[in-house]
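> Below is one structure. I have some questions about it.
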Amino acid sequence: NREPPQNMYLIGRGFSDCVLPRLYRGAKLVVIPITNRNISNRLLEVLFYGRPIVTSEIARFIHPELMHKEHVYISNWDNVVDDVVKLAKNDEILETLEEGARSAYNRWFSTKLNAIAASKLIKSLMGQ
């Protein structure tokens, strides 16, 4: 039995929303499992905070705009532990993923972009 490192946090239950920003900002790397049975709110949160992300292959289908090794690191779950260890030791790729996460959020998922899209939709529905 291996014990998880003291600086590893499993979030999903037990943390209030007010704690999440501090955890995300302090994270060197965030692992976000996405399956066909869940949505990727955590993925979008981590993109917002510009943290490097390891996620599952289903992310390619949910968010095809996110590129492997540019915006996120897409791992096969059989290899996720090895991938996380490898990435945690590689500051260069972590920096690339950090920059990619910020870029992806600002380009495709930001509140501003969603507000603009909603405004356009409302105007088109109102015939303007």
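The values are calculated or read from the model by the stated rules, or taken from the named source; none is laboratory data. What you are looking at is a predicted structure, and each value in this text was computed from that prediction instead of being measured. So basically every Cβ, Gly included, is an ideal-geometry build from the backbone, and we count neighbours across all protein chains shown. Ligands, DNA and RNA are excluded from the accessible area calculation, which covers all protein heavy atoms including side chains. Shrake-Rupley method; radii C 1.70, N 1.55, O 1.52, S 1.80 Å.
> Here are the criteria: (1) open to solvent by 70 Å² or more (accessible area, probe 1.4 Å); (2) hydroxyl-bearing (Ser, Thr, Tyr); (3) farther than 16 Å from GLU45 by Cβ. Tell me which single one SER119 does not satisfy.
So SER119 meets the others, but not (1).
> Just need a number here: residues in the stretch 57-96 that are in contact with a Phe, Trp or Tyr (Cβ under 7 Å, 6 or more places away or on another chain) and in a loop (DSSP other than H, G, I, E, B).
Residues in the stretch 57-96 being in contact with a Phe, Trp or Tyr (Cβ under 7 Å, 6 or more places away or on another chain) and in a loop (DSSP other than H, G, I, E, B): 1 in total.
> So which pairs qualify, if the first residue must be in the stretch 97-117 and part of a helix (DSSP H, G or I), the second must be open to solvent by 60 Å² or more (accessible area, probe 1.4 Å), the Cβ gap must be under 7 Å, and the two must be at least 6 apart or on different chains?
Within 7 Å, the pairs are GLY100/GLU70; TYR105/PHE48.
> Related question: Between GLU99, GLU92, GLU57, which is open to solvent by 70 Å² or more (accessible area, probe 1.4 Å), in contact with a strand residue (DSSP E or B) (Cβ under 9 Å, 6 or more places away or on another chain) and not small (Gly, Ala, Ser)?
None of the other options fit; the residue is GLU57.
> A further question follows. Does the stretch 40-61 hold any residues that are over 8 Å from the mean Cα position of the chain (by Cα) and more than 18 Å from SER110 (Cβ to Cβ), and which are they?
SER56, GLU57, ILE58, ALA59, ARG60, PHE61
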